[in-house]
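Chemist: Could you have a look at this structure, given as structure tokens, before my questions?
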Amino acid sequence: MPFIMGGGELIVDWLDKALQKYGHTTEVIKIPFHLYAPEMVEQMLALRLLDVKEYADLLIAIRTPSYIIDHPNKVVWFIHHHRQAYDLWGTYQDVPNTPEGLRIRETIIQADNRYLRQAKKIYTNSRVVSERLKKFNNIDSEVLYPPLMDAEQYCCEKAGDYFFYPSRITMLKRQYLAIESMKYTRSNAKLIVAGHPDTPEQFQYIKTIIEREHLQDKVKLIGNWISQEEKIELFARSLGCIFIPLDEDSYGYVTLEAYHSRKPVITCSDSGGTLELVENGVNGRVVQSDPKIIAMAMDDLFNYRSVAARMGQTGYEKLTSMNITWDHVVEKLTG
């Protein structure tokens, strides 16, 4: 989506760089797709009419619904459904629950069922997404974990007194839950939240929590994208990372960034893909999505810093053991 940056955009840009590094000639096609229900079907039809068959030996489709595009040699790296038509239906849905909305939802599902099956191979970015694909569409897939680009830039410095939560500010990422937890911390732990809000209303919502609960001395809120250099420095000097989305599609680049910085991760038992990397008491803490319990986890890592440091190192070692590398990704997608 234009002017919105997140994991879906990064995976495309980084894959492009990785493919070129390995000698492939690439062209990235970024097509605006906005989530206005009455126009979704027309946009999907426009994608189907886009003819790229004669221009490349391989089409790698990533973001929904790009796999609608026709090509005789199509591979899909599927990062998530249009979830509002699937597992988020009835909660965070953007398709109205009306006769027209139900027809739109059915069209989305039918298109997924038909055009995903035209791919020669389907990979996903997590077990969670593979399980959803099997559950909702009865389609088999293989997990292919996305790595960071230039992961060697991340480093570890002496831990400070804060936990770091960098992510797009949106209700599903639940920054509000991390902020509410700061009411209950007994240690001197602080929290830094950084990211661009999806809407001004969502930013105002979490800002109001800080003001209402008088947390200005405990929470620093940065409502915009920070530079790569600033993010690396904030990770390096943090005590640990907070990443507590609701049923996330994958482990999230935030988790990878934390572990490459040798920092432990606090996540929740209902955070989805993060549980593929974060093991409670081993390389971080997995807790209930309750502010008081999240606060206890922060206090524990604050008070037992040597334990926190050991967990961060263990997190880095887990990445190595899982072969989360661009070598592996390029081999799979072009093999």
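The values are calculated or read from the model by the stated rules, or taken from the named source; none is laboratory data. What you see is a predicted model; the values in this text were computed from it and never measured. Using ideal geometry, Cβ is built from the backbone for each residue, glycine included, and neighbour counts are taken over all protein chains shown.
Chemist: Report, by residue number, each residue of region 23-71 that is surrounded by 13 or more Cβ atoms within 10 Å (Cβ to Cβ) and of a type in the set (Phe, Trp, Tyr).
Modeler: Hits for region 23-71 are PHE33, TYR67.
Chemist: Now, a different point. Kindly check whether there is at least one residue in region 43-62 that is outside any loop (DSSP other than H, G, I, E, B), modelled with pLDDT under 90, touching a Phe, Trp or Tyr at 6+ places or on another chain (Cβ under 8 Å) and under 30 Å from ASN224 (Cα atoms).
Modeler: no
Chemist: Assess whether ALA85 counts as being small (Gly, Ala, Ser) and under 29 Å from THR26 (Cα atoms). Step through it out loud before you land on a result.
Modeler: Values: small (Gly, Ala, Ser): yes; under 29 Å from THR26 (Cα atoms): no.
In short, no.
Chemist: Still on this structure, please answer the following. Among all residue pairs at least 6 apart or on different chains, which show Cβ distances below 7 Å where the first residue, located in region 154-176, is without any contact (Cβ under 8 Å) to a residue 40 or more places away in the chain and the second is part of a strand (DSSP E or B) and not aromatic (Phe, Trp, Tyr)?
Modeler: What qualifies is GLN175/ILE169; GLN175/VAL193.
Chemist: Same structure again: If we scan region 249-266, do we find a residue that is touching a Leu at 6+ places or on another chain (Cβ under 8 Å) and either outside the structural domain of LYS218 (by TED's automatic domain parsing) or of a type in the set (Asp, Glu) (or both)? Steps first, answer last, please.
Modeler: Going residue by residue through region 249-266, those that are touching a Leu at 6+ places or on another chain (Cβ under 8 Å) are 251, 253, 255-257, 259-260, 263-266.
Retained after the next criterion (residues that are either outside the structural domain of LYS218 (by TED's automatic domain parsing) or of a type in the set (Asp, Glu) (or both)): 257.
Taking every residue of region 249-266 in turn, at least one turns out to be touching a Leu at 6+ places or on another chain (Cβ under 8 Å) and either outside the structural domain of LYS218 (by TED's automatic domain parsing) or of a type in the set (Asp, Glu) (or both).
Chemist: Pick from region 109-137 the residues that are surrounded by fewer than 20 Cβ atoms within 10 Å (Cβ to Cβ) and without any contact (Cβ under 8 Å) to a residue 24 or more places away in the chain: which of them is nearest to LEU10 (Cα to Cα)?
Modeler: Result: GLU131.
Chemist: Name the residues in region 84-103 that are in a helix (DSSP H, G or I) and crowded, with 20+ Cβ neighbours inside 10 Å, would you?
Modeler: ALA85
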